[in-house]
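Below is one structure, written out as structure tokens; comments come after it.
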Amino acid sequence: VTTIGMVADLVKQVGGERVGVDALMGPGVDPHLYKPTSTDAARLNKADVIFYSGLMLEGRMGDLFAKLARAGKRVYATTESVPESRLAEPAEFEGHYDPHIWFDVSMWAETVPTIVRGLSEVDPSGRELYEKNGADLSGRLARLDEWCKATAAQVPEGGRILVTSHDAYNYFGRAYGFKVVGLQGVSTVSEAGLSDMASLVDYIKKQKVKAIFVESSVNPAAIKRVAEDAGVQIGGELYSDAMGEPGDRKLGFDTGTYDGMVRYNLTTIVNALK
């Protein structure tokens, strides 16, 4: 069992046919606001191993994971293998790390060793397979990271301004050279106020931003209003805290996979801004 789809995608790639993977949060689900149901609790209890993203991303589920771990369940926060020095601590996240590390592909690759270790500990006879699959996956992620750098470079440096619904893209901006401006803070729990919207409108006009973006797991009403007031187009819908439906192809990419989601997001951003 895993929580968010991005984690489930990696576990499937490391586990291969040897592991049955069940993702709790499907496409379009906002993990910040997710409340576990009684069915979820039953699924978690049945699982041999549980992987979740961590860094407070799953909000209300953190206590449940701690409880399961105390009861002897194998529970792993995949982000535990990411070096602390690479984590960002934005002021608006009030002393917590920004959990959206999958937007920097090289950071997301750092979670693979935790998945390999977790599967190997629960199923030692599969260790060799998990280690091989993990190494293959790390190679694919390194190539994806290079593709992201080359694709981002198609937008002139001064034009790399990404305006979205909430601050999910800090790591993305740092990795691929974008200035990132979110209408809401790192979490989607609080709603944007009118003064936030007004100052964002001013910023967009002043910087001559070409396009701004809505997100698949965040209510688009506020950012659409900003676009209207600033007289700027919506450049497309990005996937932020959830992937697309499995097999849902957009711009030629399967947005139901991590690789496809990353490629679709960056292609959408580059097409709108270059």
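Could you list, in sequence order, all residues of segment 35-61 that are in contact with a strand residue (DSSP E or B) (Cβ under 9 Å, 6 or more places away or on another chain), small (Gly, Ala, Ser) and modelled with pLDDT under 90?
Within segment 35-61, no residue meets the criteria.
Pairs under 7 Å by beta carbon, first residue free of Cβ contacts under 8 Å to residues at least 12 places away in the same chain in segment 2-31, partner part of a loop (DSSP other than H, G, I, E, B), six or more apart or different chains?
Hits for this filter: Lys12/Val21.
If we scan segment 49-59, do we find a residue that is in a helix (DSSP H, G or I), open to solvent by 40 Å² or more (accessible area, probe 1.4 Å) and in contact with a His (Cβ under 9 Å, 6 or more places away or on another chain)?
Within segment 49-59 (the criterion being in a helix (DSSP H, G or I), open to solvent by 40 Å² or more (accessible area, probe 1.4 Å) and in contact with a His (Cβ under 9 Å, 6 or more places away or on another chain)), the answer is yes, since at least one residue qualifies.
Could you list, in sequence order, the residues of segment 99-115 that are touching a Phe, Trp or Tyr at 6+ places or on another chain (Cβ under 8 Å), more than 18 Å from Leu266 (Cα to Cα) and crowded, with 24+ Cβ neighbours inside 10 Å?
Ile115
Residue under question is Ala8, and the condition is that it be hydrophobic (A, V, I, L, M, F, W, C), part of a helix (DSSP H, G or I), open to solvent by 40 Å² or more (accessible area, probe 1.4 Å) and farther than 25 Å from Gly95 by Cα; does it hold?
Spelling it out, it is not the case that Ala8 is hydrophobic (A, V, I, L, M, F, W, C), part of a helix (DSSP H, G or I), open to solvent by 40 Å² or more (accessible area, probe 1.4 Å) and farther than 25 Å from Gly95 by Cα.
Mind checking whether some residue in segment 74-81 is closer than 21 Å to Asp30 by Cα, more than 16 Å from the chain's Cα centre (by Cα) and surrounded by fewer than 17 Cβ atoms within 10 Å (Cβ to Cβ)?
no
The values are calculated or read from the model by the stated rules, or taken from the named source; none is laboratory data. None of the values given here were measured: they were computed from a predicted structure. Neighbour counts are summed over all protein chains in view; Cβ atoms, including those assigned to glycine, are modelled from backbone coordinates with ideal geometry. Quick note on the areas: whole protein, heavy atoms, side chains included, nothing else; ligands and nucleic acids left out. Shrake-Rupley method; radii C 1.70, N 1.55, O 1.52, S 1.80 Å.
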